[in-house]
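Some notes on the structure that comes next.
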Amino acid sequence: MKAKEIAARIEAHYKKQDNGQPTCDGFVFGSPETEVTGVITTFTVSAQVMERAHKLGANMIITHEPTFFLECRGDWVATDKVFAALRQMAEKDNLVIWRCHDMMHAAQPDEIYSGFLQAIGWADLAQPQVLKDVGDAQGMENFIQDFRDYYDIPEMSLFELSNLCREKLGMPTVRIAGDRNQRCRRVAVLVGGGSQGFGRMPDLPLRLMQEHNIDTILCGEIFELLLGTYMQDAAHLGLPGGMIVLGHERSEEWGMQYMQSWLSQEVDVPVHFVNAGEPFGYLH
């Protein structure tokens with residue numbers, strides 16, 4: 001199969017329509033006419049992911065997030081040694097890189113969440129989703145009102161919930177804020193950058209907790225000063241409020257594993273999921 005045929009299968013799965021709106025989805029590198037020997041689904045294209053693709057005999061990578069060494073702009077990029085080495089790797093292996101971001105989040109339900117819920121074991125707790133449009137101030141207000149990405153879990157402490165995340169999401173360490181003995185019953189999830197309020201509403205997680213009677217929130221990326229301090233104060237005052245910070249990659253990687261499960265049934269070449277992995281190390 002050619003790369004453009006695989007891309008067309010994915011677009012058909014998501015019922016993609018050209019509505020004229022800008023999108024980051026599409027070919028990032030390589031020719032759409034390339035004959036594909038194998039496909040990798042992953043969170044982002046790192047050196048380790050490209051090396052793994054080579055070992056698996058795959059020359060098409062479907063990434064959820066940007067391919068920074070190809071998409072960064074500015075004169076400095078041309079002389080950056082790390083980016084130059086990564087570009088050489090992609091060229092040497094004749095890779096095709098195709099980004100799938102907007103379609104996945106626009107799906108009903110959002111397939112990044114589908115993968116996350118499958119990984120953590122909460123798929124049966126999911127609620128019917130409401131189409132979310134956060135394009136303007138009114139869209140953000142509607143997002144808060146219609147938010148359904150919270151789950152009534154079997155009661156456990158914040159400490160026990162953090163251990164569940166460690167086990168299910170492959171996290172060697174977990175960042176928490178709040179009283180570790182707090183009881184967790186209704187848990188919200190904001191993957192990726194959603195917990196930053198999509199760059200426009202940094203208090204979004206707190207407003208969601210108030211609106212929907214949520215006691216604990218699992219976040220991707222956060223504004224540390226606002227959310228961390230709030231949870232610290234809640235614990236000191238004996239009030240509800242707990243947070244587990246998963247990071248962008250650990251909260252979204254599982255959607256690409258989910259993609260592999262259905263895409264492997266739709267195309268005539270091998271499809272592999274490659275875990276890009278947590279980019280940060282932690283000293284104990």
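In this model, which of Lys2/Lys55; Lys16/Lys81; Lys4/Lys92; Lys4/Lys55; Lys15/Lys168 are farther than 28 Å apart at the alpha-carbon?
Lys16/Lys81; Lys15/Lys168
Could you rank the peptides 7-17, 224-234 by their average count of other C-beta atoms within 10 Å per residue, with the highest value first?
224-234, 7-17
If R0 is 35 Å, what FRET efficiency do you get for Leu56 and Phe159 from their C-beta distance, rounded to 0.05?
That gives a FRET efficiency of 0.35.
May I ask you to compute the full-extension gain from Leu283 to Cys72, defined as 0.36 nm times their residue separation minus their alpha-carbon distance, rounded to one decimal in nm?
The span from Leu283 to Cys72 would gain 72.9 nm if fully extended.
Please state the charge dipole magnitude for the chain, taken about the Cα centre, from unit charges on C-beta atoms (+1 on K and R, -1 on D and E), reported in debye and rounded to the nearest 20.
With Lys and Arg at +1 and Asp and Glu at -1, about 440 debye.
Rounded, prolate or oblate: pick one for the stretch 3-104, where a ≥ b ≥ c are the square roots of the eigenvalues of its C-alpha gyration tensor, a/c under 1.5 means rounded, and failing that, prolate if a/b is larger than b/c, else oblate.
Cα axes put the stretch 3-104 in the oblate bin.
Within the stretch 166-203, what residues put their amide N at less than 15 Å from the label point 7 Å along the Cα-to-Cβ vector of Gln129?
Inside the label zone: 189-194.
What is the order of Asp110, Asp136, fewest Cβ neighbours within 10 Å to most?
Listing Asp110, Asp136 from fewest to most nearby Cβ atoms yields Asp136, Asp110.
Rounded, prolate or oblate: which fits the stretch 87-211 when a ≥ b ≥ c are the square roots of the eigenvalues of the alpha-carbon gyration tensor, with rounded for a/c under 1.5 and prolate only if a/b beats b/c?
oblate
Please report, in debye to the nearest 20, how large the charge dipole of the stretch 30-189 is about its Cα centre when each Lys and Arg carries +1 at its beta carbon and each Asp and Glu carries -1 there.
Rounded to the nearest 20 debye, it is 620 debye.
Rounded to the nearest 5, what % of the DSSP beta bridges within the stretch 124-248 are antiparallel ones?
Around 50 percent of the beta bridges assigned by DSSP in the stretch 124-248 are antiparallel ones.
Which of rounded, prolate or oblate describes the stretch 160-259 when judged by the alpha-carbon gyration tensor and an a/c cut-off of 1.5?
Oblate is the answer for the stretch 160-259, as a/c is 1.5 or above yet b/c matches or exceeds a/b.
With just the Cα atoms defining each centre, how far is the stretch 18-87 from the stretch 141-191? Give it in Å.
32
Tell me, Cys72, Cys184 in order of fewest to most beta-carbon neighbours within 10 Å?
Exposure proxy ranking, most exposed first: Cys72, Cys184.
With unit charges on the beta carbons (Lys and Arg positive, Asp and Glu negative) and the dipole taken about the Cα centre of the chain, which residue among Thr44, Val130, Pro279 sits farthest to the positive side?
It is Pro279.
Only counting other Cβ atoms within 10 Å, I'd like Cys100, Cys24, Cys165 sorted with the fewest neighbours first.
Going from least to most buried by this count: Cys24, Cys165, Cys100.
Highest first, please rank the peptides 168-177, 121-130 by the mean number of other Cβ atoms sitting within 10 Å of their residues.
168-177, 121-130
Quick note: the coordinates plus some simple rules give every number you see, no bench work behind them. It should be emphasised that the depicted structure is a prediction, and the values quoted were computed from it without experimental measurement. When we count neighbours, we look across all protein chains shown, and the Cβ atoms used for this are built from the backbone with ideal geometry, even at glycine.
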